[in-house]
Amino acid sequence: MDIIKKYFPELSENQLQQFDQLMKLYHEWNKKINVISRKDIDNLEVNHLLHSLSIVKFVRFMPLTTVMDVGTGGGLPGLPLAIYFPEVKFHLVDRVGKKLRVAQDIAEQAGLTNVSFQHGDVLEVKGKFDFVVSRAVMPLGDMLKLVRRFISPDSHNAVPNGLISLKGGDLEAELSRYKKNVLVDEISTYFKEDFFKTKKIVYYPI
């Protein structure tokens, strides 16, 4: 947990213990189910947990903010964010039941009480959220079509409500038609590990 502690020295002992549990539980589960690429599980702290926490550097969610994580898989970025923001409500959605059950078990064992789960298509979700987050789930245009309806018109964060996606690589073609609205934030400005050289936060206000 040294790298997370380096970038987030404000974390409490309880939060650090929860991150430590996440590390252990993901390793345990990955022996049974391929939640995280077997080639990548040894890079869990940087490539998955720290990557998820890059959203913290972009926006500090206010208490009672509501966030939906679309295509969460085994709980990323939702679970690391739920640890960092214990007063924010997270709703994790995925079509793959076995991965979502892993995320639910990890959340329970880590003592997270600010997370809910839904198995199925995102279009089955009811309610409004301040933000939707995702991690390399689908192109921005496709995601916007799915999630616009879920964004609440009432904004109370420093950043207006909208979609926050973690992406990598060359995004020029994907984002070209959205240049007037989209904001691209280079994660390498926050974290110096090589993994983040091509990683970006893509934000679209709604």
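Where a number appears in this text, it was derived from the coordinates with a stated rule and is not lab data. Remember, it's a predicted structure, so these values are computed and weren't measured experimentally. Using ideal geometry, Cβ is built from the backbone for each residue, glycine included, and neighbour counts are taken over all protein chains shown.
Annotations
- Sparsely packed loop sites in segment 103-206 (the GluC sites (Glu not before Pro) outside DSSP H, G, I, E and B with at most 11 other Cβ atoms within 10 Å) do not occur.
- Calculated from backbone phi, Karplus (6.51, -1.76, 1.60) coupling profile of segment 88-103 in Hz, x at Gly/Pro: 10, 9, 10, 10, 9, 10, 7, 7, 8, x, 5, 6, 5, 5, 4, 4
- Sorting THR198, THR65, THR189 from the fewest to the most surrounding beta carbons within 10 angstrom yields THR189, THR198, THR65.
- Share, in percent, of DSSP beta bridges within segment 2-205 that are antiparallel, nearest 5: 35
- Working note: Debye formula, equal point scatterers on the alpha-carbon atoms of the chain, no solvent; log10 I(q)/I(0) at q = 0.09 Å⁻¹ is -0.31.
- Per residue of the chain, the DSSP helices (runs of n ≥ 4 H) give a summed -39500 (n - 2.57) that works out to -9000 deg cm²/dmol at 222 nm.
- Amide H within-cut-off set for SER116, under 5 Å, with H built and near neighbours excluded: PHE90, HIS91, LEU92
- Spatial separation of Cα centroids for segment 176-206 and segment 39-72, in angstrom: 14
- Within the shell defined by Cβ-Cβ distances under 11 Å, the residues around PHE195 carry a net charge of -1, with Lys and Arg each +1 and Asp and Glu each -1.
- Basic side chains Lys and Arg get +1 at the Cβ, acidic Asp and Glu get -1 at the Cβ, and with that the dipole of segment 2-205 about its Cα centre reaches some 520 debye.
- Net charge over other residues, Cβ less than 12 angstrom from the Cβ of ARG95 (K, R count +1; D, E count -1): -1
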